[in-house]
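The values are calculated or read from the model by the stated rules, or taken from the named source; none is laboratory data. Because the structure is predicted, anything quoted here is derived from the model rather than measured. Cβ: placed from backbone, ideal geometry, glycine included. Neighbour counts: every protein chain shown.
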Amino acid sequence: MSLYPTDIRHQEFSGTLFGFSKKEVREFLEQLATELEDYQRRQEKEIQRREVMQHEVKQEAIQASSAVEDLKRREELISRTLVFAEKTKADIIANARKEAENIIHEAELKAKRAIQEARQYLTALEHQYVQIKEQKRQFLMQFKSELQTFMDRIGKDPLLTKDTEQLLDTEFKQIKDEINPGNNPRPEGQN
């Protein structure tokens with residue numbers, strides 16, 4: 001358990017008939033001493049670690065100072081390269097935007113042409129549809145008229161009425177008998 005100054009300030013001991021419990025006070029003091037010893041050891045190790053780090057940093061600083069000049073030259077070269085790259089990037093972006101605008105403009109023109117062609121085609125289809133519909137109407141009216149004429153003729157046909165049919169049958173028989181006298185006895189003297 002780690003101890004903090006507030007823990008020490010607020011530590012309470014239970015009272016006994018003759019004051020504080022010696023055992024509790026002794027345990028607390030032992031714990032406090034142990035914590036302080038640990039703290040001192042950690043501080044000494046930290047100081048040693050910092051000294052080692054400072055030595056390493058000094059060595060690195062010596063090495064870094066010799067590399068600074070080289071880095072400055074490289075920085076200048078990189079700076080010039082970056083400026084050139086930025087200019088090239090700006091040129092590429094500008095060209096890409098122009099090309100994209102051209103592509104979009106061309107696509108819009110093609111779309112407008114396609115829509116116009118579709119509208120013209122639709123208009124032609126509509127005109128054909130109206131013509132075909134009119135032709136069908138005229139055909140049906142003509143067919144209906146001819147059909148009506150045929151129905152009227154059929155209705156007036158004498159074979160469809162019984163009286164007329166019997167009359168025609170009788171006339172046909174008479175004509176047949178006149179032409180074909182075989183059913184009638186022949187007059188004498190004719191062979």
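Taking the stated definitions as given, is ILE104 within 25 Å of the chain's Cα centre (by Cα) and of a type in the set (A, V, I, L, M, F, W, C)?
yes
Taking the criterion of being surrounded by fewer than 10 Cβ atoms within 10 Å (Cβ to Cβ) and hydroxyl-bearing (Ser, Thr, Tyr), would at least one residue in segment 27-46 satisfy it?
Checked against the condition, which is being surrounded by fewer than 10 Cβ atoms within 10 Å (Cβ to Cβ) and hydroxyl-bearing (Ser, Thr, Tyr), segment 27-46 yields no hits at all.
When segment 36-64 is examined, which residues are found to be at pLDDT 90 or above, charged (D, E, K, R) and over 29 Å from ASP7 (Cα atoms)?
ARG49, ARG50, GLU51, GLU56
Can you run down the residue pairs with Cβ atoms below 7 Å, 6 or more apart or on separate chains, where the first is in segment 21-32 and in contact (Cβ under 8 Å) with a residue 24 or more places away in the chain and the partner is surrounded by 11 or more Cβ atoms within 10 Å (Cβ to Cβ) and of a type outside the set (D, E, K, R)?
Sorted first by the residue in segment 21-32, then by its partner, the pairs are GLN31/LEU3; LEU32/LEU3; LEU32/ILE8.
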